[in-house]
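Notes to accompany the following structure.
Taken together, the values in this text are just the output of simple stated rules run on the coordinates, not laboratory data. Computed from a predicted structure; not experimentally measured. Note that each Cβ is placed from the backbone with ideal geometry, even for glycine, and that neighbours are counted across all protein chains shown.
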Amino acid sequence: MTGHTLGRLQGKHAVLTGAGGGIGLAVAQAYIAQGAVCTVVDMGSAAPAELDAAANEGRAFYVQANVTDLTQVDAMLEAAERRFGDIQVLFNNAAIFEMAPFLESTEASYDKVFAVNVKGMFFVMQKTLARMVAQGTPGASVINMSSQAGRRGEALVSHYCASKAAVISYTQSAALAMAPHKIRVNSISPGVVDTPMWAGVDALFAKYENLPIGEKKRRVGLAVPLGYMGSPKDIAGAAVFLASDEASYITAQTFNVDGGAVMS
């Protein structure tokens, strides 16, 4: 079987932030293939072309929003509910990456990273959960995106690592708060994933570690126990599972999807 006839998410309305490309877009495509309707949120002025067919079929709706602006978050959620009704799934993915040696890491960088990766993540989650509770949506699912960087510090990536550790902690707190409402909150911790963002990450490592362009990417792929970088589709599989009724007894967990890089 192909397309949304697979139906693991049939009838569910999912909101996905940071879904204009990379992992978020792959998850949106997977959700639609499994029967969901999706409100896709990103900073760009237009929806990704890959969702044109789904949009034309009435299965995808694009909203431009900045998750650091809480007025825009409220407007985004209101638009999502007007278009597709109650929200059953949140894939909370919007994030940015910055790097600098620890002693050179700046307040401006800290503010920028934490504004998106922590403040934006938290308030999108909080505001969505408030709606889920008000609607009485048992079985709803929130999936926050952490990272293997949230499992350990890195000398060049201190703000990003700390921001992703915060995602894990907030996921646990939210899951306990939502358990009486039978709403599940989990997170996914990807390892190194081959997305367009990696071109910029690789260039930063090249700058700070004095490496040729492409060398860091090659090395991190080989360092994964499975021997290669993951793909957005690898993350999408976990995201479908956690959004589905198959995961109905799973909450407060952070799933490592990293080829064996982190064991926990």
### Query
Sorted by average packing, counted as other Cβ atoms within 10 angstrom per residue and highest first, what order do 245-254, 40-49 take?
40-49, 245-254
### Task
May I ask you to derive the FRET efficiency for LEU70 and LYS182 from their Cβ-Cβ distance with R0 = 22 Å, giving the value to the nearest 0.05?
0.25
### Query
With θ set to phi - 60° and the Karplus curve 6.51 cos²θ - 1.76 cosθ + 1.60, what are the ³J(HN,Hα) couplings of the stretch 230-242 in order, to the nearest whole Hz, using x for Gly and Pro?
x, 10, x, 5, 5, 6, 4, x, 5, 5, 5, 4, 5
### Query
Expressed as an acute angle from 0 to 90° and rounded to the nearest 10, what is the orientation of the C-alpha long axis of helix 70-84 relative to the principal long axis of the chain?
40 degrees
### Task
Please state the charge dipole magnitude for the stretch 196-253, taken about the Cα centre, from unit charges on C-beta atoms (+1 on K and R, -1 on D and E), reported in debye and rounded to the nearest 20.
340 debye
### Task
Give, as ranges by residue number, the residues of the stretch 50-87 whose backbone N falls under 11 Å from the point 7 Å along Cα→Cβ of LYS127.
65-80
### Query
Taking the convex hull of the alpha carbon atoms in the chain, what volume per residue do you get, in Å³?
127 Å³
#### Entry: Gain upon complete extension [ARG82, PHE102; 0.36 nm per residue less C-alpha separation]
2.7 nm
## Note on the structure
Amide H proximity to VAL142 below 5 Å, modelled H, separation 5+ or other chain, gives LEU90, ARG184, VAL185, ASN186
### Message
Through the Karplus equation 6.51 cos²θ - 1.76 cosθ + 1.60, θ set to phi - 60°, convert the phi angles of the stretch 181-193 into ³J(HN,Hα) values in whole Hz; use x for Gly and Pro.
### Response
8, 6, 10, 9, 9, 9, 9, 10, 10, x, x, 7, 10
### Message
Starting from 0.36 nm per residue, how many nanometres of slack lie between SER173 and ALA203 once their C-alpha separation is accounted for?
### Response
7.2 nm
### Message
Rounded to whole Å, give me the distance from the Cα center of the stretch 225-255 to that of the stretch 57-125.
### Response
20 Å
#### Entry: Descending Cα extents along the principal axes, the stretch 107-264, whole Å
54, 37, 25
### Task
Taking the chain as the reference, fit the longest principal axis to its C-alpha atoms, fit the long axis of helix 121-135 to the helix C-alpha atoms, and give the angle between the two in degrees, 0 to 90, nearest 10.
10 degrees
### Query
With +1 on each Lys and Arg Cβ and -1 on each Asp and Glu Cβ, how big is the dipole of the stretch 1-139 about its Cα centre, in debye rounded to the nearest 20?
520 debye
### Task
Pull up all non-local amide H partners of ASP258: gap of 5 or more, or a different chain, and H-to-H distance under 5 Å with H placed in the peptide plane.
GLY191
### Task
Only Cα pairs under 8 Å and at least 6 apart count here; give the relative contact order of the chain as a rounded whole percent.
19 percent
### Message
Along the Cα→Cβ direction, 7 angstrom out, place labels at ALA134 and GLU246. What is the inter-label distance in nm?
### Response
3.4 nm
#### Entry: Calculated FRET value between LEU211 and MET43, using beta carbons and R₀ = 25 Å, to 0.05
0.25
#### Entry: Angstrom value of the Kirkwood radius, inverse mean 1/r, which spans all Cα pairs in the stretch 105-185
13.4 Å
